[in-house]
Amino acid sequence: MASESEATATIEDGVRRRDFINIAAVSFAGVGAGAVVLPLVAQMNPSADVLALSSTEIDISAIASGQAIKTSWRKQPVFVRNLTPAEIEEANRVPMGDLRDAETLADRTKPGKENWLITLGVCTHLGCVPLGAAEGENRGDFGGYFCPCHGSHYDTAARIRKGPAPTNLVVPPYDFTSDTVVTIG
Ligand code: FES
């Protein structure tokens, strides 16, 4: 039979052990919660490649008058074209009534920079990439771009003039960062 002093020691041991178990459980929960929170915070920060895709910077200094280049923005083709004075005049001569999707060249370019025509290279019919940006490609009946899949012809302001495409080539959001650099997006 246990003496009174032995019984007291057993109770104290029991209390101490329970306290330790409780403290250990709380500490473990704290570590667990921390471990869960970190990946969630990491997931909420956009990765570097996602940020890079949201805008594209283009050096336009090497695009001579009459030339165009193909680039891309958010995985879509983009045409950047340096219109000649004759192409600008041709676009400005077209009566609005002749246009399926009535926009002036000025509506589709920046003030004072009407020679820089920047559009998505995506036909508004079914999404093919039209010809006309690369040297020697067919520019269609109106001197702009030509989509051969079902024959959509775009003029020198990349406006739809003939064929099944319902609307003009889309002008993406962009700004001139300097006279020679354009940022799309
Ligand atoms: S996708 Fe261009 S004409 Fe059909």
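Nothing in this text is a laboratory measurement; each read-out follows from the coordinates by a stated rule. Since the model is a prediction, treat every value here as computed from it, not as a measurement. Here the Cβ positions follow ideal geometry from the backbone for every residue, glycine too, while neighbour counts run over all protein chains shown.
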Taking H placed 1.01 Å from N in the peptide plane, check which residues at least 5 places from Y174 or on another chain put their amide H under 5 Å from its amide H. G185
³J(HN,Hα) across the stretch 133-141 via Karplus (A = 6.51, B = -1.76, C = 1.60, θ = phi - 60°), whole Hz, x for Gly/Pro? 7, 7, 3, x, 6, 4, 9, x, 6
I need V171, V78 ordered by Cβ neighbour count within 10 Å, fewest first. V171, V78
Please list, by residue number, every one of the GluC sites (Glu not before Pro) in the stretch 68-158 that is coil in DSSP and has at most 11 other beta-carbon atoms within 10 Å. E135
Please give the residues of the stretch 54-89, grouped as numeric ranges, whose backbone N is less than 16 Å from a label point set 7 Å along the Cα-to-Cβ vector of D101. 77-80
For the stretch 67-185, Kirkwood radius (reciprocal of mean inverse C-alpha pair distance, Å): 14.1
Taking H as built 1.01 Å from N, whose amide H comes closer than 5 Å to the amide H of I60, not counting residues under 5 places away? V181, V182
Given 0.36 nm per residue, what is the gain on full extension from L131 to S72 after removing their alpha carbon distance, in nm? 19.7 nm
